[in-house]
Amino acid sequence: MFKKFLWLLTIFCLALPVSAEERRKPVTIEGKSILPLRILTRPFSNIYTQKDASGATVQENVPAFQPFYVYTSPSAEDLELQEGWYEVGQDNRGGVLGWMQTKDVLEWKQTMCLAYTHPEGRSPVLMFANRRPLADLTMAGEEVRTKEVEKLYAVIDSGLIPEGFPIRSVEPKRAVDISTQFYLLPILAFEELEIGGREGRLLQLAAATASGPDARESTDISQNKDYLTEANLDAAQASEEARSQMKMDVVFVSDTTVSMRPYIKATLDVIKQVALNLGGDPATADALRFGVWGYRDPVGLIPGIGYTTNNYTPTLLPSEDFVNVLAQVDVTKVDSDDYAEDVFSGINDAITKTAWTDEAIRFIVLLGDAPGHDLGHKYNASGHSTQTLRAIANDSSVYLYTMHIKAPIAKKYHESAEMQFRELSANRGMQGESAYSSVSSKDLPGFTQISMVITHKITSMLSAAKQGNTDQTLGPKEGTRLSGMVPESAQPEAIPAAVDKKAPSAEASAGALAQQMVKAAMVDWIGKQSGAKAPRDIVAWATDKDLINPEIPAMEVRLLMSKQQLDSLNTILKEIMAAGLRGRIGGEDFFTALQATSAMASRDPNLIKNAKTIADTGLVPEFLSGLPYHSNLMSMNNDLWMSWSIDEQDEFLNELEAKVQAYQSIHDRPEGWVTLNPGDDPDEHVYPVSLELLP
């Protein structure tokens with residue numbers, strides 16, 4: 001009987017669940033008390049049962065970029081020598097799997113990674129083998145730094161890499177599209193510095209790409225000559241086959257209230273001229289499609305206004321058919337309540353709902369004489385800001401040109417409208433410039449001429465690119481006719497040369513900006529079509545600024561988020577917004593209101609009750625914890641909230657609303673989502689979210 005009792009007791013004890021205290025916990029990141037250390041697997045890696053590469057395996061050919069928690073980490077010396085082992089687990093609850101070799105993994109201390117900025121107008125990122133040579137360059141004076149960096153580029157361009165060359169690899173000159181040729185640049189270490197009087201960062205990063213036959217082929221340029229040749233291909237040069245397939249979509253987004261009638265008519269005249277000109281260039285005509293959206297104010301609040309936004313071209317049309325549609329665009333018979341219009345809804349719908357031609361270069365031309373309604377205004381139906389719309393346009397590869405008609409009677413609105421239009425048209429690859437033009441409402445001929453210049457700049461550069469004429473692709477100089485595209489008889493008047501180079505004519509300025517915009521868009525498109533690939537299978541040092549011109553960012557920070565994480569963040573922001581609104585109306589302090597409104601508060605109400613900042617509430621998703629960037633949301637506390645005026649509280653909540661709208665836009669569109677591993681559930685697909693879209 002006693003033996004039977006012991007046997008039953010043993011079975012019972014074995015069946016007892018392991019307590020939280022007894023479970024193994026992952027290693028934490030150095031300097032952090034809670035945040036666990038994780039690694040990402042490199043392609044063609046294995047998990048072993050023991051620290052023995054010749055022994056049994058738990059899993060072979062682990063999918064690339066698979067995240068694992070670390071339960072035992074190698075020594076600093078082993079890390080330096082790329083030796084040693086990591087004991088890894090699939091979760092942070094003690095689910096240990098086995099051992100992986102140091103050379104098969106990348107430490108990922110945050111879910112943050114880097115992405116190359118648009119390459120137009122800057123130098124390719126140099127990736128140094130060691131920290132010291134790069135640090136020395138950043139501390140050198142401008143003249144010395146520029147001279148030494150130009151020498152490095154000259155050696156790379158020559159294709160002859162000498163022994164002991166300090167550069168391990170280099171970013172390709174062609175644009176690398178992270179959404180179609182996914183790459184990962186996780187930050188292993190960083191330090192802030194000043195370069196050329198500008199704040200920058202010295203970064204140790206790993207470079208990796210998704211699974212593929214060359215995923216573990218190092219792009220060390222001293223050894224991989226094929227990669228060096230690919231990296232040196234000119235950013236603006238496309239193959240004959242690619243050029244023959246180049247297409248462009250041009251979508252006009254126009255205010256359609258009464259004051260805009262003359263300008264819609266003038267745009268129609270411009271398109272008629274374009275259609276006539278394209279008659280002599282059938283290849284370009286076939287590759288060009290047009291569309292138009294109208295916008296007003298929300299029809300739900302002003303029923304007689306007709307519509308908030310209207311897509312007059314459900315299918316984009318060739319120029320000769322587009323003329324007929326544009327002739328039907330009319331203005332509202334009922335005016336808005338105020339001067340501003342719902343510009344942001346017009347732009348948002350044009351970006352996200354236009355039936356864009358597959359693999360076409362995308363342009364939007366905004367025509368308006370009034371600013372958009374600010375965040376939180378009842379007539380801002382989109383809930384977007386210029387910042388979130390610009391980020392969505394970037395992610396959608398949409399390039400905007402804005403035409404601002406300035407009415408003298410509305411002078412007090414000019415500054416706000418110009419600021420919004422410039423921010424919307426601050427396209428990638430324009431290096432601080434905005435594709436923005438303004439004209440007086442009393443100068444209709446001036447508007448027509450500028451519209452003609454912009455439209456012909458787009459069409460002539462498309463024509464030149466398809467013909468392989470790289471000189472023409474750069475566009476005509478001031479004082480020349482828009483030749484090379486159509487018969488001489490069909491050409492518009494020459495763009496007048498500027499007499500004073502410091503003050504170019506409006507037409508010349510518009511032409512130069514349009515040319516800059518189109519070239520940036522073409523460089524983006526060529527990179528996608530060529531399948532340009534980022535450096536891979538290396539660890540190197542780089543800086544996030546252009547080494548020759550530190551004013552230009554060379555890399556930007558992204559947060560790699562899954563759909564599940566994006567949904568989680570969306571939910572949290574909505575709860576915080578609800579708490580802010582309740583606190584503002586009822587006079588409660590912020591965290592009392594948050595405790596009352598949060599569906600998650602029931603898990604541990606004391607966390608919210610006793611929290612000093614949002615970061616202490618336990619509501620913030622784990623993947624946002626410990627990120628090295630300043631966050632207004634994470635530092636929010638009762639004292640700060642109560643010190644704000646009603647307007648300041650509204651501004652904070654409206655900015656959160658804009659982020660929510662941006663997340664919804666990202667979630668709903670198929671573009672940009674990356675499947676890291678074959679067979680991943682859709683909720684596990686990831687998106688490299690711009691840092692500016694984080695709360």
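Any read-out appearing in this document is the output of simple, stated calculations on the displayed coordinates, not a laboratory observation. Remember, it's a predicted structure, so these values are computed and weren't measured experimentally. Cβ placement follows ideal geometry from the backbone for every residue including glycine, while neighbour counts extend to all protein chains displayed.
Just rank F252, F652, fewest to most, by other beta-carbon atoms within 10 angstrom.
Exposure proxy ranking, most exposed first: F652, F252.
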By counting other Cβ atoms within 10 Å of each Cβ, how are V270, V253 ranked from fewest to most?
-> V270, V253
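Taking square-rooted eigenvalues a ≥ b ≥ c of the alpha carbon gyration tensor, is segment 195-331 rounded, prolate or oblate, where a/c under 1.5 means rounded and, failing that, a/b exceeding b/c means prolate? Could you put the intermediate results ahead of the total?
Values: a/c = 3.02, a/b = 1.85, b/c = 1.64.
It comes out prolate by the Cα gyration axes.
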Which ³J(HN,Hα) values in Hz, rounded to whole numbers, follow from the phi angles of segment 164-179 under the Karplus curve 6.51 cos²θ - 1.76 cosθ + 1.60, where θ = phi - 60° and Gly and Pro get x?
-> x, 4, x, 8, 7, 8, 8, 5, x, 5, 6, 5, 9, 8, 5, 7
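Working from the pairwise distances between different alpha carbons, so that the mean of 1/r is found and then inverted, what is segment 241-529's Kirkwood radius in Å?
Values: mean 1/r = 0.0527 Å⁻¹.
Kirkwood hydrodynamic radius for segment 241-529: 19.0 Å.
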Quick one: which residues, 5+ away or cross-chain, put their amide H under 5 Å from the amide H of T57? H built at 1.01 Å from N.
-> T49
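Compute, for segment 241-529, the length of the dipole vector about the Cα centre, with Cβ point charges of +1 (Lys, Arg) and -1 (Asp, Glu) only. Units Debye, rounded to 20. Intermediate results must be reported in sequence, preceding the final value.
On the way: 26 positive and 33 negative charges, 71 e Å.
About 340 debye.
Could you list I39, I361 so that the one with the fewest beta carbons within 10 Å of its beta carbon is first and the one with the most is last? Could the numbers behind the result be given before it?
On the way: I39 22, I361 26.
Result, fewest neighbours first: I39, I361.
Just need the relative contact order of segment 241-529 here, percent rounded to a whole number, with Cα pairs under 8 Å and 6+ apart. Each step should come with its number before you reach the end.
Numbers: 544 pairs, mean separation 55.7, N = 289.
Over segment 241-529, the number comes to 19 percent.
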Prolate/oblate/rounded label for segment 65-122 (Cα gyration tensor, a/c 1.5) | oblate
